[in-house]
Amino acid sequence: MRILPHTLFLMSLRGRMSIYGRPLPTPAEAVEGLRQMTGQDFGLDADQWAAWFRANPSWRRTRWRGAINPEQPN
C-alpha cells in the first residue's frame, strides 16, 4: 500500500508514533512539512489540515510529487 507524505504527516499530528515499525516525524516536523507542501498553515490542528486536503482534492494529483522532490516537474 502506498502512503503519501501528507498522510504520514497527518498521522503524526493525530498522535501516531510509528507505521510498520518505522517512526513518524515529530509533530513539529509534520507541520513544517505540510507548510512546505501546501503553502498553508494550520499549526498542529490535524482536523483543519484534513479539511483543507478534502477541499482541495486536485492538490493530491498534482503537487505532492513536487513536494517530495522539488526538482522533479509535476
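The values are calculated or read from the model by the stated rules, or taken from the named source; none is laboratory data. These numbers come from a predicted model, not from an experiment. Backbone-built Cβ (ideal geometry, glycine too); neighbour counts: all protein chains shown.
Tally the residues that are part of a helix (DSSP H, G or I) and either under 15 Å from residue 5 (Cα atoms) or touching a residue at least 24 places away in the same chain (Cβ under 8 Å) (or both), restricting the search to the range 29-51.
Residues in the range 29-51 being part of a helix (DSSP H, G or I) and either under 15 Å from residue 5 (Cα atoms) or touching a residue at least 24 places away in the same chain (Cβ under 8 Å) (or both): 13 in total.
Is at least one residue of the range 53-60 surrounded by 15 or more Cβ atoms within 10 Å (Cβ to Cβ), touching a Pro at 6+ places or on another chain (Cβ under 8 Å) and modelled with pLDDT of 85 or more? If you could, list the steps in order and put the result at the bottom.
So in the range 53-60, the residues surrounded by 15 or more Cβ atoms within 10 Å (Cβ to Cβ) come out as 53, 59.
Narrowing further to those that are touching a Pro at 6+ places or on another chain (Cβ under 8 Å): none.
Looking for residues that are surrounded by 15 or more Cβ atoms within 10 Å (Cβ to Cβ), touching a Pro at 6+ places or on another chain (Cβ under 8 Å) and modelled with pLDDT of 85 or more, one finds none in the range 53-60, hence no.
Within the range 1-25, which residues are surrounded by 11 or more Cβ atoms within 10 Å (Cβ to Cβ) and either assigned to a loop (DSSP other than H, G, I, E, B) or of a type in the set (S, T, N, Q) (or both)?
4, 7, 12, 14, 16, 24, 25 - these are the residues of the range 1-25 that are surrounded by 11 or more Cβ atoms within 10 Å (Cβ to Cβ) and either assigned to a loop (DSSP other than H, G, I, E, B) or of a type in the set (S, T, N, Q) (or both).
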